[in-house]
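Novice: I'd like to ask some things about the structure below.
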Amino acid sequence: MSDGFTRDTPAWTRAHAEGLRRDDSNVAPIIYPPDERLDEELHIWDTWLLRDRDGSVAEIDGCRVIFALTSPSDLLPGKRHDVATIRYFYSTDGENWTTGGRVFDGGTLGQRQWAGSAMYDPDGDDGEIYFYYTAAGDDDAEELTYTQRIALATGGTVHTDDSELRIDGPWDHRVILTPDGDWYEREDQSRGMIYTFRDPWFFEDPESGETYLLFEANTPVPEGTGACDDPVWEEFNGSIGIAHSPSGDPTAFELRPPLLDAVCVNQELERPHFVVRDGTYYLFISSHVHTFAPGLEGYDALYGFVADDLTGEYEPLNGHGMVLTNPENAPFQSYSWLVYDHGDELLVTSFFNYFDYNRPNLDDVSLLPPEEQMRRFGGTLAPTVRLGLDGPETDIVGTLDHGHLPLPREALPESWWEQADRDGDGGGEYY
């Protein structure tokens, strides 16, 4: 490193990423369309759970709540990000979901809203929600733009009545974080294919009690710094950012140095989030095959890293970082994975992306006739994947149905490996 670029941040390195491979421990089963989508009127993708301040899944009068980016289902799937709106859904059993409606009726920031997180405070007025989201696009621009800021909406509350759950405003919206240009790249500094400053995720550290926001960003790498062996690799500069609330106030955060970067490796480390077990920090992100730097073979996949403390020396899980990916013959069948703790296992939700499609990249989707683009897009919740976790190693141990999101207190069926042990065949076949 030279010419003003220094690197104290833990790194996902090319040496790590060169070990990426599909194997029985990380390849999910083929996904088939469900009999019914969660909502036939909607495309549904990036999804997150309403959580209590301590990170546990919120349960309100017997209901759990999810949020998702949505668009009308008659829209070509490739256009959905340009008109994304956030809706909520609720369920008493984690299997059957009711569409609750849009979270925001108006007054949001940005031309559209992208993914974030939501924290439920039962001690607030009528059960207040702190809603963190990505304000995408310049509010006053006539053309579609890709400016990204981290926004917070407060004032919304949750109500239940006769088995119905409602999230009501009025909401107060404000921008709470923008990139500083030093730790986190501004849009005018970007040289990469994709600019990122998004995906805020609220996190209260169970070890210290301190309050944070995680987010996706990019590390500034000025041209000519020699940060990578190949100057082209410098454009691949994804990072996982963090901001701290000194007072614990969930509305006021200060930027801190990144937790992890992928300079020379990957441009886009999406939707960062934690699972903390016994003082060990498991950090998860999603990323794409096309956002890896030249010379690396990555996948659309869930990736993960582990450290002994929040700001520790993160190392990739499984030696290379990949935790869960799609089969070779269905490489884009799901995306935008989110992990939560469930007793001895981790559960992973995602959305059902393109199926019956095995071309090497998603750009070719636009070459298909519109009716084929629509047919091959899942646009609903994918089957939930069950992961085993053993220190720095993970392993797929089973699946649940599309959109089945059990609470930690709800028992899971036998896993593949439990069935195999019971049957005495020593292995589990899940294809």
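Novice: Being surrounded by fewer than 24 Cβ atoms within 10 Å (Cβ to Cβ) and of a type in the set (Gly, Ala, Ser) is the filter here; which residues of the stretch 294-325 pass it?
Specialist: Within the stretch 294-325, 295, 298, 307, 312, 319 qualify.
Novice: Check residue 43 against each of (1) within 21 Å of the chain's Cα centre (by Cα); (2) free of Cβ contacts under 8 Å to residues at least 24 places away in the same chain and name the one condition it does not meet.
Specialist: Of everything listed in (1) within 21 Å of the chain's Cα centre (by Cα); (2) free of Cβ contacts under 8 Å to residues at least 24 places away in the same chain, residue 43 misses just condition (2).
Novice: Assess whether residue 182 counts as being farther than 24 Å from residue 55 by Cβ and either out of contact with any Pro (no Cβ under 8 Å at 6 or more places or on another chain) or touching a residue at least 40 places away in the same chain (Cβ under 8 Å) (or both).
Specialist: No; evaluated as a whole, the condition is false for this residue.
Novice: If you don't mind, another one. So residue 223 fits all but one of (1) of a type in the set (Asp, Glu); (2) free of Cβ contacts under 8 Å to residues at least 60 places away in the same chain; (3) assigned to a strand (DSSP E or B); what number is the exception?
Specialist: Tallying (1) of a type in the set (Asp, Glu); (2) free of Cβ contacts under 8 Å to residues at least 60 places away in the same chain; (3) assigned to a strand (DSSP E or B), residue 223 fails exactly one: (3).
Novice: If I filter the stretch 326-363 down to residues being more than 25 Å from residue 42 (Cβ to Cβ) and at pLDDT 95 or above, which single residue comes out as most open to solvent (accessible area, probe 1.4 Å)?
Specialist: Checked the stretch 326-363; the qualifying residue most open to solvent (accessible area, probe 1.4 Å) is 328.
Novice: Another question about this same structure. Go through 276, 265 for me and flag whichever is surrounded by 23 or more Cβ atoms within 10 Å (Cβ to Cβ) and in contact (Cβ under 8 Å) with a residue 24 or more places away in the chain.
Specialist: Checking each option against the conditions leaves just 265.
Novice: Of all residues being crowded, with 17+ Cβ neighbours inside 10 Å and small (Gly, Ala, Ser) in the stretch 26-63, which is farthest from residue 115 (Cα to Cα)? Just the residue, please.
Specialist: Only one residue fits best here, namely 28.
Novice: Restricting attention to the stretch 364-375, report how many residues are under 25 Å from the mean Cα position of the chain (by Cα), loosely packed, with under 14 Cβ neighbours inside 10 Å and in contact (Cβ under 8 Å) with a residue 24 or more places away in the chain.
Specialist: 1
Novice: All but one of (1) open to solvent by 30 Å² or more (accessible area, probe 1.4 Å); (2) closer than 22 Å to residue 305 by Cα; (3) aliphatic (A, V, I, L, M) hold for residue 232; state the number of the condition that does not hold.
Specialist: It is condition (2) that residue 232 fails.
Novice: A further question on this structure: Being under 17 Å from the mean Cα position of the chain (by Cα), in a loop (DSSP other than H, G, I, E, B) and surrounded by fewer than 24 Cβ atoms within 10 Å (Cβ to Cβ): is that true of residue 282 here?
Specialist: Considered against the rule, which asks whether it is under 17 Å from the mean Cα position of the chain (by Cα), in a loop (DSSP other than H, G, I, E, B) and surrounded by fewer than 24 Cβ atoms within 10 Å (Cβ to Cβ), residue 282 comes out as no.
Novice: Looking at (1) of a type in the set (A, V, I, L, M); (2) closer than 20 Å to residue 288 by Cβ; (3) at pLDDT 95 or above, find the lone condition where residue 193 falls short.
Specialist: Answer for residue 193: the failing condition is (3).
Novice: Any residue at all in the stretch 87-94 that is among the polar types (S, T, N, Q) and surrounded by fewer than 16 Cβ atoms within 10 Å (Cβ to Cβ)? If you could, list the steps in order and put the result at the bottom.
Specialist: To start, the set of residues in the stretch 87-94 that are among the polar types (S, T, N, Q) comprises 91-92.
From the residues that got through so far, the ones that are surrounded by fewer than 16 Cβ atoms within 10 Å (Cβ to Cβ) too are 92.
Scanning the stretch 87-94 turns up at least one residue that is among the polar types (S, T, N, Q) and surrounded by fewer than 16 Cβ atoms within 10 Å (Cβ to Cβ).
The values are calculated or read from the model by the stated rules, or taken from the named source; none is laboratory data. Just so you know, these numbers come straight off a predicted model, no measurement behind them. Please note: Cβ atoms are built from the backbone with ideal geometry, for glycine as well, and neighbour counts cover all protein chains shown. To get the accessible areas, we keep the full protein, side chains included, count just its heavy atoms, and leave off ligands, DNA and RNA. Shrake-Rupley method; radii C 1.70, N 1.55, O 1.52, S 1.80 Å.
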